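Each remark here refers to the structure printed beneath this line.
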Amino acid sequence: MAFQPRVCGEDLYHHIYAWGNDRHPVFRRDYHYRYYLSLLEKYSRRFEIDVIAYALMEWHIHLFIHDLDNNISEFMMKFHGEYAQYFNRNAGQVGHVFGERFNNKIVQASEYGMWLSRYIHLQAVKAGLVETPRQYDWTSYHAYIGLDSCRFIKPGLILNQFGEDDDKHRRYEEFVLGNDDGPIDWDKKTTITYRIDYIVNSLCREMAIEKSALMNPGGYKQKANRHQIIKTLHAKYNFKPSQIAHALNMTRPTISVIIASDK
């Protein structure tokens, strides 16, 4: 498939990640990181995006956000567009800074949010840059453990799961430094993080097709749309043929044939 529709909608939590073009750096100096954060604050306020956690790495970025009004696409286009112009101007180069349109996963924040925040805050440790997340400047971790003012970061969704007293910062740090990596492999592009029915509805909106046409397609065009959605559900979100068949009121063998087809 040349194009995979993006899952989006109101009142959704997203894990966003983007890499530099051809894995080239997106940050080269400390002031690049600072400018990126200033733009993150600027555009998150403009588009009513709550930034829950972030990690800025030399070659890539991770953001955990809450999109209140289905603004994610415009938010990222404006935000990364302005940063790319700044970076190219400052570095004396031309061309793309980020190598592809950003990736996003929908997250069930109440179940997986704390694990996603841990994954994000451990990026520099996993990369071998530091021994502990305290030693890395370019994440929201310091706000979570009470060493920095929150500024525009909104960690309450996560920290409140560790109590409402001042000791929650210590408990969160112990959680991050623990050995349990949680129920989800966040590195997998196919991680299931939301209900299949919601994803189907979102894909229909993204492709501007009626759900009724998806369930009962008439003609080649509508069948092609259904095939595209089935392949997206399987390849991008790792839903099994049986799950897709149940959601679309189809048979499992039919779903398997569509997934295996080249069209």
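None of the figures in this text is laboratory data; all of them are computed from the coordinates on show. Everything quoted here is computed from the prediction, not taken from an experiment. Cβ: placed from backbone, ideal geometry, glycine included. Neighbour counts: every protein chain shown.
May I ask you to sort Thr251, Thr139 by Cβ crowding, counting other Cβ atoms within 10 Å and putting the fewest first?
Details: Thr251 12, Thr139 22.
The most exposed by this proxy come first: Thr251, Thr139.
Using Cα atoms only, what is the angle between the long axis of helix 109-121 and the major principal axis of the chain, expressed in degrees (0 to 90) to the nearest 10?
It works out to around 50 degrees.
List the pairs from Lys154/Lys211; Lys126/Lys236; Lys126/Lys231; Lys168/Lys236; Lys42/Lys231; Lys188/Lys211 whose alpha-carbon separation is above 30 Å, in the order I gave them.
Among Lys154/Lys211; Lys126/Lys236; Lys126/Lys231; Lys168/Lys236; Lys42/Lys231; Lys188/Lys211, the Cα-Cα distance tops 30 Å for Lys154/Lys211; Lys126/Lys231; Lys168/Lys236; Lys42/Lys231.
Based on alpha-carbon atoms only, what is the radius of gyration of segment 153-229 relative to the globular estimate 2.2 N^0.38 Å?
Ratio of Cα Rg to 2.2 N^0.38 Å: 1.80.
Along the charge dipole of segment 146-263, Cβ charges K/R +1 and D/E -1, which of Asn179, Phe239, Ile258 sits furthest on the positive end?
In segment 146-263, that residue is Ile258.
Could you give the radius of gyration (one decimal) and Dmax (whole number) of the Cα atoms in the chain, in Å?
20.0, 61
Taking every eigenvalue of the Cα gyration tensor of segment 196-260, multiplying by 5 and rooting it, what semi-axes result, largest first, whole Å? Please report the intermediate quantities before stating the final value.
Details: eigenvalues 53, 36, 21 Å².
Over the Cα atoms of segment 196-260, the ellipsoid semi-axes are 16, 13, 10 Å.
If neighbour count is taken as other Cβ atoms inside 10 Å, put Tyr13, Tyr31 in order from fewest to most.
Ranked by crowding around the Cβ, least crowded first: Tyr31, Tyr13.
In percent, what relative contact order does the chain have, based on Cα pairs under 8 Å that are 6 or more apart in sequence?
Normalised by residue count, the contact order of the chain is 20 percent.
Suppose every Lys and Arg Cβ carries +1 and every Asp and Glu Cβ carries -1, with no other charges. What dipole size does segment 10-177 come out with about its Cα centre, to the nearest 20 debye?
In total the dipole reaches around 620 debye.
Between the helical axis of 30-46 and the dominant principal axis of the chain, each derived from Cα atoms, what acute angle in degrees is found, rounded to the nearest 10?
Approximately 60 degrees, to the nearest ten.
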